[in-house]
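Structure below; questions to follow.
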Amino acid sequence: GLFAGASPEDVAHLPALAAEAVALKIYLNDTFGKLRVEDVPTLRACFQTWPRHKLIAMHAEKQSVAVGIGLAAAYARPVHFCHISRREEIELIADAKAQGLPVTCEVTPHHLFLTEADYARQGPLADMRPVLGTPDDVAALWEHITNGVVDCIATDHAPHTLAEKRSATPPPGVAGLETSLPLMLTAVSQGRLSLERLIALMHTHPRHIYNLPEQPDTFVEVDPNATYTLTHEMMHSKCGWTPFAGQQVTGRVMRVVLRGQVAYEDGQILAAPGTGRVLPA
């Protein structure tokens, strides 16, 4: 599904977009692009006029997470926090959940497997929003995956090309679709979480949180024991690179069946261009 993006200029038009959007996304911090909400009247309008049966998702960092939690409490409606990356953020969300507030959250593989040291080494190729955290931040995210506070694993897929990343104004963001499952299967092989928990994080919980329909005859087959090294050349994405190049993983996607048709098998994309569908909102 597609998000509707909140901004002061467009807030009056948002309710009309709700039928075509899976959720409303509000940016409380800087990212790539101009979408950022900094004024209280726009925030109030979003929470008052966006249909209550539709989710509100937030890009919120550090103290902005507290703003999102406060809005969830004030308007008694669910808020989903995208790509949480810091100890202080996940602990605040844990506190809110303990009080029964309607908040959920996700983390990304790049915030689980990379740190600020990788940014120092790779530069713009390891720059994203939120930026990479410290080893202590990473440890906190894993702790709250284990204890159930984290609801979802998300890719935050942003496949900027090498030319863009090497430009004078490199955009933040990295590709994540192809590496997310191998990385998380590696965590399963290391005993950091169970396969059942991974399925909940990457399938069951996201579908329920966003109220997405079931996808009949759609599944992914993996070899959980395949060990190999990620390379740029493996990427099918047009960006053609990954910040995880050189990292050894255990767990390979072998086959993807989409609506009864084999879309991917043994490293080859078999689905014809244009066969993908936007999930209904």
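Each reported figure results from applying straightforward, stated rules to the coordinates on display, with no laboratory input. None of the values given here were measured: they were computed from a predicted structure. All Cβ positions, glycine included, derive from the backbone under ideal geometry; neighbour counts span all protein chains shown.
Taking every DSSP beta bridge with both residues inside the chain, roughly what % is antiparallel (nearest 5)? Don't skip to the answer; put the middle values down first.
Working: 14 of 30 bridges.
If I count the DSSP bridges inside the chain, around 45 percent turn out antiparallel.
Pick from Gly100, Gly70, Gly133: which is most flexible by mean-square fluctuation in a GNM of the chain where alpha carbon atoms under 10 Å apart are linked?
Judging by the Gaussian network model, the answer is Gly100.
Could you derive backbone 3J(HN,Hα) for segment 253-264 from the dihedral phi with the Karplus parameters 6.51, -1.76 and 1.60 (θ = phi - 60°), listing whole Hz in sequence and x where the residue is Gly or Pro?
Karplus-based 3J(HN,Hα) across segment 253-264 equals 6, 9, 7, 10, 10, 10, 6, x, 10, 6, 9, 8 Hz.
Within 11 Å, Cβ to Cβ, of His83, how many net charges do the neighbouring residues add up to if Lys/Arg are +1 and Asp/Glu are -1? The partial results should precede the final answer.
Values: positive: Arg86, Arg129; negative: Glu61, Glu89, Glu106, Asp156.
Spelling it out: positives minus negatives among the neighbours equals -2.
Under 1.5 on a/c is rounded, so check that first for segment 222-272, then, if it is not, pick prolate when a/b is larger than b/c and oblate when it is not; a ≥ b ≥ c are the square roots of the alpha carbon gyration tensor eigenvalues.
Working: a/c = 3.26, a/b = 1.38, b/c = 2.36.
It comes out oblate by the Cα gyration axes.
Let me make sure I get this right: for segment 3-214, a, b and c are the square roots of the gyration tensor eigenvalues over alpha carbons, sorted descending. Under 1.5 in a/c it's rounded, otherwise prolate if a/b > b/c, else oblate. Which is it? Intermediate results must be reported in sequence, preceding the final value.
Working: a/c = 1.62, a/b = 1.22, b/c = 1.33.
Note, shape of segment 3-214 comes out oblate.
Would you mind ranking Cys82, Cys105 so that the residue whose beta carbon has the fewest other beta carbons within 10 Å leads the list?
Numbers: Cys82 21, Cys105 28.
Result, fewest neighbours first: Cys82, Cys105.
Along the charge dipole of segment 3-214, Cβ charges K/R +1 and D/E -1, which of Pro51, Phe32, Ala94 sits furthest on the positive end?
The Cα lying farthest towards the positive end belongs to Pro51.
Which residues' amide hydrogens lie under 5 Å from the amide hydrogen of Met254, considering only partners 5 or more residues apart or on another chain, with H built in the peptide plane?
Long-range HN contacts for Met254: Glu221, Val222, Asp223.
Tell me which residues come under 5 Å, amide H to amide H, from Leu270 once H is placed; ignore anything under 5 positions away on its chain.
Tyr264, Glu265
Any chance you could check the Cα centroid distance between segment 146-184 and segment 97-118 for me, in angstrom?
Rounded to whole Å, the Cα centres lie 14 Å apart.
Put +1 on the Cβ of each Lys and Arg and -1 on the Cβ of each Asp and Glu in the chain; which of Leu185, Ala263, Thr275 then has its Cα farthest toward the positive end of the dipole?
Sorting the options by dipole projection puts first Thr275.
Let me ask something additional. May I ask you to derive the relative contact order of segment 3-214, considering only C-alpha pairs under 8 Å and at least 6 residues apart, and to give it as an integer percent? Before the final figure, lay out the partial values.
Values: 341 pairs, mean separation 32.8, N = 212.
Rounded, it is 15 percent for segment 3-214.
Check each of the trypsin sites (Lys or Arg not before Pro) in segment 113-199 and keep only those in coil by DSSP with at most 14 other C-beta atoms within 10 angstrom; list them in order. Don't jump to the answer; show the numbers that get you there.
Details: sites: Arg121, Lys165, Arg166, Arg192, Arg197; in loops: Arg166, Arg192.
Here the trypsin sites (Lys or Arg not before Pro) that fit, given the DSSP loop and packing criteria, are Arg166.
In the chain, if the dipole is taken from +1 on Lys/Arg beta carbons and -1 on Asp/Glu beta carbons about the Cα centre, which of Thr250, Ile153, Thr115 is farthest to the positive end?
It is Ile153, whose Cα lies furthest towards the positive end.
Among Ile199, Ile90, Ile145, whose mean-square fluctuation peaks in a Gaussian network model of the chain (Cα, cutoff 10 Å)?
Ile199
In debye, nearest 20: dipole of the chain around its Cα centre with unit charges on the Cβ of K, R (+) and D, E (-)? The partial results should precede the final answer.
Numbers: 23 positive and 30 negative charges, 90 e Å.
Computed about the Cα centre, the dipole is about 440 debye.
Please check: in the Gaussian network model of the chain (C-alpha springs, under 10 Å), which one of Leu71, Leu270, Leu92 has the largest mean-square fluctuation.
Result for the chain, Cα springs under 10 Å: Leu270 fluctuates most.
Please report how many Lys pairs in the chain have alpha carbons closer than 26 angstrom, counting only residues at least 8 apart along the chain or sitting on separate chains.
Qualifying lysine pairs in the chain: 15.
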